[in-house]
Structures are given as C-alpha cells and as structure tokens.
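Structure first, commentary second.
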Amino acid sequence: MYKKTLLPNGVRIITEEIDHVRSAAIGMWVGAGSRDEREGFEGISHFIEHMFFKGTEHRTARALAESLEAVGGQLNAFTTKEYTCYYAKILDEDLDLAIDVLSDMFFSSLFDEKEIEKEKNVVIEEIKMYEDSPDELIHDVFSEQVWNDHPLGKPILGTEESIKALNREKIMQFLTEHYAPDNLVISVAGKIKHEEVVNKLSPQFGNFNRGGRRVLEETPIGRTIEFYQKKDTEQMHIIMGVPGLGQDDEDIYAMHIFNNILGGGLSSRLFQEIREQRGLAYSVYSYHSTYVDTGLFAIYAGTSPKNTQEVIVCILEELMEMKEKGISAEELARTKAQIKGGLYLGLEAVSSRMSRLGKTELTYNRVLSPEEVVEKLEKVTLEDVLRVIGRLWKKENISIMTMGPSGHDVVLPDLLKQSGW
C-alpha cells in the first residue's frame with residue numbers, strides 16, 4: 001500500500017496511491033517543534049510556520065494565499081511540540097502547483113525583517129487569545145509545572161517576551177540546524193503515482209544540504225505538583241494527571257483502551273457519571289499526550305467553584321474503582337470496536353492518510369499501518385488494562401491543578417483520603 005524512496009541527501013518520500021479519488025494531499029513534515037527550542041528561542045518553531053506564509057522570492061503573501069484557493073485547494077500548517085507540518089490538499093490535476101508552492105515556501109521564504117516585526121504582533125495577539133481561554137490554557141500551564149524547565153513543558157506559542165526577542169538571525173540559525181534533509185519527510189496520498197511524485201520532488205528536495213538529524217534533549221523527569229492559579233472566571237477549571245507512556249512503550253495500546261473507557265467520549269465513565277448522572281460539568285474528559293520518549297495522562301473538568309471538590313472526589317473514586325476492579329469484558333470489546341471504527345473512518349479522507357504516512361515515518365522511522373494498530377489493539381487483554389491502570393495511577397504520582405476564582409483551593413491529600421486512596 002505504501003511506497004518509500006530515500007533521496008541521496010536523506011529526505012524521505014512516502015506515498016499511498018488511491019485510484020478511486022480525484023484528490024491528493026501532500027505534507028512536508030519537519031522534525032522540529034517547541035521541544036527543540038533552547039533558551040532564547042522559545043516559540044520560534046511556530047513563528048517560522050507563520051513566516052512561511054509571509055512571502056517568497058517568487059510570491060507575495062497574498063499570492064501564496066490565493067495560489068491554491070484559486071483552484072479549490074487548501075494550504076495550511078501546524079506546529080506541535082515535536083514536529084511542524086506544512087500541507088496542501090488539491091485536485092490530482094493540481095499536484096504540480098501544490099509542489100511548486102510548498103517548495104517555494106520551503107526554499108525561498110524571504111523572512112523580511114519588516115514582516116517579522118509585523119508578525120510578532122500577530123503571534124502575541126494569538127497568545128493573548130489563548131490566555132483568554134482557560135479551558136485551553138490550563139493544559140499548557142499544567143505540563144509546564146509538571147515538567148518544570150524542560151522544553152517539552154514550554155508552550156508551543158512561546159511567551160510575549162520570547163516572541164519579542166526573536167529576530168532574523170535566530171530564525172535562519174534555527175532553520176539551518178533543524179530544516180535539514182535527515183529531518184524531513186514528504187508524504188503524499190491520493191490519485192498519484194509514486195515514481196512521478198519522486199521525479200517532481202527530487203530536483204529541489206534531493207539536492208539541498210544543511211543541519212543534521214535532530215538530537216533530543218534528555219527525557220524530562222516529571223514532578224508531582226499541587227498548583228492553584230487565580231483567574232477571573234465563572235468556572236473552576238480542574239486538571240489532574242500522572243506521568244504517561246512514550247510512543248514505543250509496550251503498554252501503549254492498553255493505555256489507549258483505558259483512556260477511552262475512562263474519559264474518551266460520550267459513553268465514557270467520567271462523562272456519564274459527572275455530566276449525565278450528577279450534572280456537575282459540561283466538559284469532562286481524559287487524554288494522553290504521547291511523545292517520543294515520555295507522555296502525560298490527564299483528566300480535565302470545568303465546573304462551578306462550589307462543586308470543585310465534589311468533581312475531584314468523583315474522578316478519584318472512579319479511578320480507584322477501575323484500579324481495584326479493572327474493566328468488564330463488554331467494555332473491552334466495545335472499546336476495541338470503537339477505536340477500530342474511528343481509525344478506519346478517519347482514513348476515508350486523503351489528508352488523513354497523508355498525515356498517517358508522514359507522522360509515523362517521522363516519529364517511528366517507518367509507516368505504522370492501520371492494520372498493525374488494530375492487530376495490537378486486539379491482543380490487549382483485561383489483565384493488560386488492569387496492569388496499566390495500576391502502573392500509571394499511583395497515589396504518589398498524582399498531580400493536580402485548578403484555575404479559577406480565589407477561595408477554592410484544593411487539598412489533594414484530604415480528597416485522596418476521602419476517595420478511598
């Protein structure tokens with residue numbers, strides 16, 4: 001299903017040919033994110049993403065914006081803690097145009113100093129908008145507290161101070177170090193031919209040379225925290241978490257099943273108990289952030305300040321019940337089917353298939369197929385899930401943070417005791 005070509009300089013090209021569609025998606029995946037930013041460079045990965053759209057030697061910013069929209073296509077990008085992706089979705093007949101535009105951005109972006117100063121204001125406004133959304137902000141503050149000064153805990157957007165300190169020299173230095181052939185995967189899916197894609201990409205992407213394969217800093221050691229941040233909000237925002245698993249951990253699939261049952265959807269235990277049965281929250285869910293060598297498992301809820309302790313106790317009681325009793329065979333079977341269905345339904349779009357190719361090749365150094373994921377999920381047993389719950393959710397590892405109005409501080413040891421821990 002997948003074809004891979006390694007260009008002489010180290011650039012990897014991965015494709016999936018899908019003959020029954022009329023579209024194609026292409027993505028440039030760079031192994032550089034906020035985790036790679038040392039002191040003085042915080043927020044630069046995301047800032048570079050912005051600058052790629054601010055004009056090249058051949059196109060103005062407006063011409064870039066109009067280039068693919070004019071043929072009904074899409075051009076966009078996003079930055080995470082461990083990688084950045086620039087991508088386009090177009091009709092198959094417009095693949096040449098998409099390659100030309102993305103190549104132009106990658107190799108010929110101007111990084112004009114006047115545009116850099118203007119874009120600083122744009123990103124600072126983005127940071128302010130984010131800080132006005134406590135249900136989003138709390139996750140960044142929590143990871144920053146847990147991982148202390150490690151870059152993995154720093155916000156992807158950077159801070160107002162760090163953005164103001166960026167300049168063209170720093171941008172070019174970061175590009176030289178990280179936007180390197182060994183650190184680049186180009187994935188394409190849709191009505192395409194692998195050999196044709198390679199021939200179209202090779203002239204430019206096969207002949208550049210800079211930097212080298214990324215070297216990650218040491219794995220962060222999470223600390224246990226109890227942290228309260230005052231913010232003028234109507235709700236109290238709660239997040240509770242423990243250190244999680246890296247992407248290659250043998251328990252990763254059992255963890256996904258546990259997370260799904262605990263707080264992964266409308267039928268999850270936390271949603272049913274806290275929202276449906278008790279009416280204490282509109283938003284309540286759990287999630288696991290997985291990175292190359294570590295992870296963070298967290299539970300979030302937003303509730304009225306007067307209900308803060310009741311919601312926390314309810315979460316802890318649900319966790320304790322799962323630690324002691326595990327899950328049922330019916331829950332296991334239903335969750336496997338749910339994850340499998342979501343996985344395959346997500347692959348109906350060529351952009352999803354392109355993302356799977358690029359992300360897994362960049363992070364695992366190979367394509368992780370849906371069939372392989374399903375096979376590993378199917379092997380998970382009730383005992384595996386019970387073991388991973390006990391491994392992750394240990395009393396001494398639990399951290400908690402609340403964000404909201406004053407006067408509602410939480411004493412975790414008391415609530416743990418009240419919940420039977």
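The values are calculated or read from the model by the stated rules, or taken from the named source; none is laboratory data. Worth saying up front: this structure is predicted, and the values here are computed from it rather than measured. Counting neighbours? That spans all protein chains shown, and the Cβs are built from the backbone with ideal geometry, glycine included. When the accessible area is computed, the model is the full protein with side chains, heavy atoms only, and any ligands, DNA or RNA have been set aside. Shrake-Rupley method; radii C 1.70, N 1.55, O 1.52, S 1.80 Å.
Just a few scattered comments:
- Boolean, Ser399 is farther than 30 Å from Glu330 by Cα and among the hydroxyl-bearing types (Ser, Thr, Tyr): yes
- Test: residue in segment 150-172 that is among the hydroxyl-bearing types (Ser, Thr, Tyr) and within 17 Å of Thr5 (Cβ to Cβ): no
- Ile257, sole failed condition from (1) open to solvent by less than 50 Å² (accessible area, probe 1.4 Å); (2) closer than 27 Å to Val410 by Cβ; (3) part of a helix (DSSP H, G or I): (2)
- Which listed residue is open to solvent by 10 Å² or more (accessible area, probe 1.4 Å) and of a type outside the set (Lys, Arg), from Phe47, Phe41, Phe52: Phe41
- Checking each residue in segment 15-38 for being open to solvent by 10 Å² or more (accessible area, probe 1.4 Å) and β-branched (Val, Ile, Thr) picks out Ile18, Val21.
- Tyr130 fulfils the conditions (1) surrounded by 20 or more Cβ atoms within 10 Å (Cβ to Cβ); (2) hydroxyl-bearing (Ser, Thr, Tyr); (3) farther than 20 Å from Leu175 by Cβ except for a single criterion, (1).
- Filtered residues of segment 362-411 (kept if open to solvent by 20 Å² or more (accessible area, probe 1.4 Å), small (Gly, Ala, Ser) and at pLDDT 95 or above): Gly390
- Among (1) open to solvent by less than 10 Å² (accessible area, probe 1.4 Å); (2) farther than 21 Å from Ser351 by Cα; (3) among the hydrophobic types (A, V, I, L, M, F, W, C), the one test that Ala61 misses: (1)
- Taking the criterion of being touching a helix residue (DSSP H, G or I) at 6+ places or on another chain (Cβ under 7 Å) and either modelled with pLDDT under 95 or not hydroxyl-bearing (Ser, Thr, Tyr) (or both), the residues of segment 299-312 that qualify are Ile299, Ala301, Gly302, Gln309, Val311, Ile312.
- Criterion (open to solvent by 60 Å² or more (accessible area, probe 1.4 Å), touching a residue at least 60 places away in the same chain (Cβ under 8 Å) and closer than 21 Å to Tyr287 by Cβ) met by exactly one of Gln235, Gln229: Gln235
- Of note, Gln247 does not satisfy the criterion of being open to solvent by 60 Å² or more (accessible area, probe 1.4 Å), touching a residue at least 24 places away in the same chain (Cβ under 8 Å) and either of a type outside the set (Val, Ile, Thr) or not in a loop (DSSP other than H, G, I, E, B) (or both).
- Enumeration of residues in segment 160-172 that are within 14 Å of Ser45 (Cβ to Cβ) and within 23 Å of the chain's Cα centre (by Cα): Ser162, Ile163, Ile171
- Within segment 322-333, tally of residues that are more than 16 Å from Leu270 (Cβ to Cβ) and surrounded by 15 or more Cβ atoms within 10 Å (Cβ to Cβ): 2
- Top-ranked residue in segment 122-177 [being of a type in the set (Ser, Thr, Tyr), part of a helix (DSSP H, G or I) and without any contact (Cβ under 8 Å) to a residue 60 or more places away in the chain; ranked as farthest from Arg214 (Cα to Cα)]: Tyr130
- Taking (1) aliphatic (A, V, I, L, M); (2) open to solvent by less than 10 Å² (accessible area, probe 1.4 Å); (3) closer than 19 Å to Ser351 by Cβ; (4) in contact (Cβ under 8 Å) with a residue 40 or more places away in the chain in turn, Leu68 satisfies each apart from (4).
- For Phe78, the requirement of being surrounded by fewer than 17 Cβ atoms within 10 Å (Cβ to Cβ), under 23 Å from Tyr287 (Cβ atoms) and modelled with pLDDT of 95 or more is met.
- Residue, nearest to His194 (Cα to Cα), within segment 59-86, restricted to residues that are in a helix (DSSP H, G or I) and not polar (S, T, N, Q): Leu68
- Any hit, segment 87-106, residues being of a type outside the set (Asp, Glu), in a helix (DSSP H, G or I) and open to solvent by 20 Å² or more (accessible area, probe 1.4 Å): yes
- Checking the stated criteria, Lys359 turns out to be under 22 Å from the mean Cα position of the chain (by Cα) and open to solvent by 70 Å² or more (accessible area, probe 1.4 Å).
- If the condition is being surrounded by fewer than 19 Cβ atoms within 10 Å (Cβ to Cβ) and out of contact with any Ser or Thr (no Cβ under 7 Å at 6 or more places or on another chain), then segment 298-321 contributes Ser304, Pro305, Lys306, Gln309, Glu310, Glu321.
- Top-ranked residue of segment 342-356 - restricted to ones that are modelled with pLDDT of 95 or more and not aliphatic (A, V, I, L, M), ranked as surrounded by the fewest Cβ atoms within 10 Å (Cβ to Cβ): Ser352
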